[in-house]
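A.B. asks: Got a structure for you, written out below as structure tokens; questions coming shortly.
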Amino acid sequence: MKRAILGFRRDEQGDWVANLDCGHGQHVRHRPPFVNRPWVQREETRNGMLGIELDCPRCDRMEWPDDLVAYRRTGEFDERTLPSGFAKDHATKRGVWARIHVVSKALKYHVGEPIQRSFLVEAPATAVIVPAVPHRVETLGPVRFFVEFWRAQRMP
Ligand SMILES: [Zn+2]
């Protein structure tokens with residue numbers, strides 16, 4: 001799915017990496033004649049790419065980024081106290097990841113476009129919520145769970 005470039009850094013080999021708003025990094029190498037990104041070599045032209053969106057396959061794979069920090073968690077819910085909004089499609093903001101922690105029994109977790117997957121999350125287990133991707137949960141009976149929110153530590 002498309003993620004905006006927030007900034008750039010170099011890896012250990014000196015290759016340029018774009019920091020995306022999802023918290024993932026993506027190489028933007030200039031290796032002519034096969035990979036041509038002459039813009040990455042100069043700060044001025046790199047800055048011109050800020051805000052441009054790249055496809056992030058790691059988000060499509062629901063891959064948890066490195067360097068996230070937890071900043072908030074909900075209280076514990078059960079099948080009776082489940083907030084009604086959780087059962088309808090909703091999404092976190094860009095850059096905000098979350099984990100559903102199922103601490104007792106099980107929960108159905110449905111992820112919408114562009115991922116389109118459903119999971120049975122059975123305690124003790126967690127499920128990944130990808131930034132800005134619609135999702136909802138479905139109770140199957142007794143369950144206890146909470147949600148923990150994380151965001152990228154690295155600032156642009
Ligand atoms: Zn990503």
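The values are calculated or read from the model by the stated rules, or taken from the named source; none is laboratory data. For clarity, every value in this text was computed on a predicted model and none was experimentally measured. Glycine gets a Cβ as well: all are built from the backbone with ideal geometry, and neighbour counts include every protein chain shown.
A.B. asks: Of the numbered conditions (1) assigned by TED's automatic domain parsing to the domain that holds VAL137; (2) within 15 Å of the ligand (Cβ to nearest atom), GLY23 fails exactly one; give the number of that condition.
C.D. replies: (1)
A.B. asks: May I pose another question? Which one of HIS110, HIS90 is away from the ligand (no atom under 16 Å from the Cβ), out of contact with any Lys or Arg (no Cβ under 6 Å at 6 or more places or on another chain) and of a type outside the set (A, V, I, L, M, F, W, C)? First the steps, then the outcome.
C.D. replies: On the way: HIS110 fails: out of contact with any Lys or Arg (no Cβ under 6 Å at 6 or more places or on another chain).
None of the other options fit; the residue is HIS90.
A.B. asks: Counting only residues that are part of a loop (DSSP other than H, G, I, E, B) and of a type in the set (A, V, I, L, M, F, W, C), which one in the stretch 109-130 is nearest to LEU20 (Cα to Cα)? Break it down into steps so the answer makes sense when it comes.
C.D. replies: Taking the stretch 109-130 as the starting set, the residues that turn out to be part of a loop (DSSP other than H, G, I, E, B) are 112-116, 123-124, 130.
Within this subset, residues satisfying the condition of being of a type in the set (A, V, I, L, M, F, W, C) are 115, 123, 130.
Values: ILE115: 18, ALA123: 32, VAL130: 13 Å.
The qualifying residue nearest to LEU20 (Cα to Cα) is VAL130.
A.B. asks: In addition: Specify the residue that is farthest from the chain's Cα centre (by Cα); the eligible residues are those in the stretch 68-90 that are part of a loop (DSSP other than H, G, I, E, B) and either outside the structural domain of ARG144 (by TED's automatic domain parsing) or of a type in the set (Val, Ile, Thr) (or both). Working first, answer last.
C.D. replies: Residues of the stretch 68-90 that are part of a loop (DSSP other than H, G, I, E, B), as a first pass: 74-76, 79-83, 88-89.
This time we only want the ones that are either outside the structural domain of ARG144 (by TED's automatic domain parsing) or of a type in the set (Val, Ile, Thr) (or both), so: 74, 81.
Numbers: THR74: 18, THR81: 26 Å.
Selected residue: THR81.
A.B. asks: Test PRO65 against the stated conditions and say whether it is surrounded by 12 or more Cβ atoms within 10 Å (Cβ to Cβ) and in a loop (DSSP other than H, G, I, E, B). It would help to see each step written out before you state the result.
C.D. replies: Values: surrounded by 12 or more Cβ atoms within 10 Å (Cβ to Cβ): yes; in a loop (DSSP other than H, G, I, E, B): yes.
Answer is yes for this residue.
A.B. asks: In the stretch 16-25, is there at least one residue being exposed (fewer than 14 other Cβ atoms within 10 Å of the Cβ) and not in a strand (DSSP E or B)?
C.D. replies: Keep residues of the stretch 16-25 that are exposed (fewer than 14 other Cβ atoms within 10 Å of the Cβ), which gives none.
No - not one qualifying residue is present in the stretch 16-25.
A.B. asks: Next up: Filter the stretch 18-36 for residues that are in contact (Cβ under 8 Å) with a residue 12 or more places away in the chain and over 18 Å from the mean Cα position of the chain (by Cα) and give the result.
C.D. replies: VAL28, ARG29, HIS30
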